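Report on the structure given below.
The values are calculated or read from the model by the stated rules, or taken from the named source; none is laboratory data. Computed from a predicted model, the values in this text were never measured in an experiment. Glycine gets a Cβ as well: all are built from the backbone with ideal geometry, and neighbour counts include every protein chain shown.
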Amino acid sequence: MRTEIAQRPPDTEVAEPTSSLPTLVLDALEMGALALDRERRVVLANRHIEDLLGVETGALLGLPGNRVFPGADARWLKGASRESRDFRIETGDRDLTLRAESMPMRDDAGEVTGSVIVAEAISETEDGEFQKKIDRLVSLGELSAYVAHEIRNPLTGIRTTVQFVASKFKPRDPRREDLDDVIQELDRIEQIITGLLMFARPPQARSQPCDVHNVLERTLDLLDIQLRDSKVAVSRELGEDLPLVIADPDLLQQVLLNLCLNAIQAMPEGGELNITTGVRRYRTRRSLVDVSIADTGVGIPKELMEKIFDPFFTTRSMGTGLGLPISVQIVRDAGGVITAKNNPGGGATLRVSLPVPAEPPGRPEE
Ligand SMILES: Nc1ncnc2c1ncn2[C@@H]1O[C@H](COP(=O)(O)OP(=O)(O)OP(=O)(O)O)[C@@H](O)[C@H]1O
Ligand SMILES: [Mg+2]
């Protein structure tokens, strides 16, 4: 849907774009994106999918999903099967294959309100344009940098102004409470942008010999208030003489923070957070330092075990679904892995394993 936010009066020159920001963002994507409502009719389509299909702006709106993706069944259109499918499309003089994936779209309460379909051309007879996955990732990085730059600055301005106006009202004034809600929403946008940027353009790791126990204690210090508020008790079983690992301590702290936050959020009624560290020594390959974070929370449904590491997968209404993918990326860069399992007695355990360097490094300089 192309939402016009500014009507241009006749004979006026306007430099600003006339489309809404979400539309601009969608249109900047170098892949087709469209959204279907509950009745599986198109409610939003970006420019790329219109170009791919060779249709006019807005021509897809209101069409049944299976007219756009011939032969697609209701289950796939609703995003229930979560698998990518290829569709042969003949549009006048062109003949192309679209590879498309459909996923459910949910509102804040977690109710499915429709689906989002992303599509890219995998072959095209006309000019052989080939959209490679790597291009998509590069453009995601560029897009995020653009979004961060374009949104962050005005956002800060808006926040400052709203805060200033709010300060004019008495603390219990409902108008002030409304403005406080606005500030909270602005903070959430900021948090999403930060996550997106971290995922798309992770900071360069400043790897160094790193004491996992130090990082762990720093992380738990940061979480002190949250742990108390959520009635979560921490216990530790720390391995002795844990070897140093080569990692960026700040990024490793980010990983442990993400995992502990997930664990806390999985225990809305409170519970126990048990942190275990140890080393697994092998004769034929590198030893591993393990940090296991176990909770007594809701656990991870079996069918979601694979999905939790996917970017943007979340079961929390306030989640962005980037905590785990960012953590996996950081740990993978340090040569390690993150694994997840459910505990026999309930709750889940997420384990970070990092390789111990062949030559024991010196102690970190502190
Ligand atoms: N310890 C856990 N227990 C139960 N479910 C978990 C646990 N850790 C992760 N999950 C599941 O994995 C999903 C993805 O986690 P991830 O950290 O990537 O995103 P999020 O926590 O939902 O949002 P964000 O971290 O971006 O705020 C969560 O929404 C939750 O369903
Ligand atoms: Mg998380």
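Conditions tested, residue by residue: (1) of a type in the set (Val, Ile, Thr); (2) surrounded by 13 or more Cβ atoms within 10 Å (Cβ to Cβ).
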| site | (1), (2) |
| --- | --- |
| Glu185 | no, no |
| Arg188 | no, no |
| Ile192 | yes, yes |
| Leu196 | no, yes |
| Ala200 | no, yes |
| Arg206 | no, no |
| Val212 | yes, yes |
| Thr219 | yes, yes |
| Ile225 | yes, no |
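How many residues does the range 52-67 hold that are in contact (Cβ under 8 Å) with a residue 40 or more places away in the chain and crowded, with 19+ Cβ neighbours inside 10 Å?
Going through the range 52-67, the residues in contact (Cβ under 8 Å) with a residue 40 or more places away in the chain turn out to be 52, 54, 57-58, 61, 65.
Subsequent filtering for residues that are crowded, with 19+ Cβ neighbours inside 10 Å retains 52, 65.
The total comes to 2.
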Review point. Out of all the residues in the range 301-339, which are of a type in the set (Ser, Thr, Tyr) and more than 12 Å from ligand 2 (Cβ to nearest atom)?
Key: Ser317, Thr339
Review point. Just checking, how many residues over the range 231-252 are within 24 Å of the chain's Cα centre (by Cα) and not acidic (Asp, Glu)?
Key: 4
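Every residue in the range 159-176 that is part of a helix (DSSP H, G or I) and surrounded by 14 or more Cβ atoms within 10 Å (Cβ to Cβ), please.
First, pick out the residues of the range 159-176 that are part of a helix (DSSP H, G or I): 159-166, 174-176.
Of everything in the range 159-176, those that are part of a helix (DSSP H, G or I) and surrounded by 14 or more Cβ atoms within 10 Å (Cβ to Cβ) turn out to be Arg159, Val162, Gln163, Ala166, Arg176.
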Review point. Are any residues in the range 73-86 in contact (Cβ under 8 Å) with a residue 24 or more places away in the chain and more than 26 Å from the chain's Cα centre (by Cα), and if so, which ones?
Key: Ala74
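Quick check on the range 249-271: of everything there that is farther than 14 Å from Gln226 by Cβ and out of contact with any strand residue (DSSP E or B) (no Cβ under 7 Å at 6 or more places or on another chain), which residue is nearest to ligand 2 (Cβ to nearest atom)? Give the steps one after another, and end with the answer.
Filtering the range 249-271 for residues farther than 14 Å from Gln226 by Cβ gives 249-255, 269.
Still in the list and also out of contact with any strand residue (DSSP E or B) (no Cβ under 7 Å at 6 or more places or on another chain): 250-251, 253-254, 269.
On the way: Asp250: 18, Leu251: 16, Gln253: 15, Gln254: 11, Glu269: 18 Å.
The qualifying residue nearest to ligand 2 (Cβ to nearest atom) is Gln254.
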Review point. What is the one condition in (1) charged (D, E, K, R); (2) within 18 Å of Val116 (Cβ to Cβ); (3) modelled with pLDDT under 90 that Asp73 does not satisfy?
Key: (3)
